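These notes concern the structure reproduced below.
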Amino acid sequence: MSQEQAFEQDQLVVFEVGDESFGIDISLVQEIIRLQPITEVPKAPMHVKGVINLRGKVIPVVDLIERFGFSSSEETKATRIVVVNVLGNTVGMIVDAVSEVLRLSIDSIEPPSSIVESVGSQYLKGIGKLEERLIILLDLDKLLAEMGAKAIGDFAGLSAVA
């Protein structure tokens, strides 16, 4: 490994869903907002909570707790919506809490094991190793593509017309 590679780092936004820590590339994050009233959209997939009005722009909101199959948790003061721009869509993701922004050396990231991949978790970018914990790194392109990003984006368009 070259010396240049040893200093390469990913800057991540780390958030909590259930008892797990997840990280996403900070360049994908538009903003982090408090949970606000969500308008439900009829016949939306279970993981699509609905839409919100974010300063005049209607965006779909997905529930990562539901998507990942974790047991539902109570909304708290720490519950947030992480607004991301992925695949040409602006999407909000409900998370239990946003914990930190950190830099993680490329050397500290391992690809997910084939066992994990075999259970349909192809949206995992890797596992980040910190001193006393692990952070699951999400590939949002794959996650939202799997969730039907175009379809999710369509919910925002439908609501704007309604």
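Stretched out straight at 0.36 nm per residue, the stretch from Glu66 to Met46 would grow longer than its current Cα-Cα span by 6.5 nm. Extension gain for Gln11-Lys77 works out to 21.2 nm (0.36 nm per residue, less the C-alpha to C-alpha distance). With R₀ fixed at 41 Å, the C-beta to C-beta distance from Lys57 to Asp107 puts the FRET efficiency at about 0.60.
When each of the peptides 89-97, 69-77 is scored by the mean number of other C-beta atoms lying within 10 Å of its residues, the order from highest to lowest reads 89-97, 69-77. Note that the range 1-91 presents 59 Å² accessible area per residue, ligands and nucleic acids not counted, probe 1.4 Å.
The values are calculated or read from the model by the stated rules, or taken from the named source; none is laboratory data. Remember, predicted model here, so these are calculated numbers, not experimental data. In this analysis, Cβ positions are derived from the backbone assuming ideal geometry, glycine residues included, and neighbour counts consider all displayed protein chains. The area values use the complete protein model at the heavy-atom level, side chains included, leaving out ligands, DNA and RNA. Shrake-Rupley method; radii C 1.70, N 1.55, O 1.52, S 1.80 Å.
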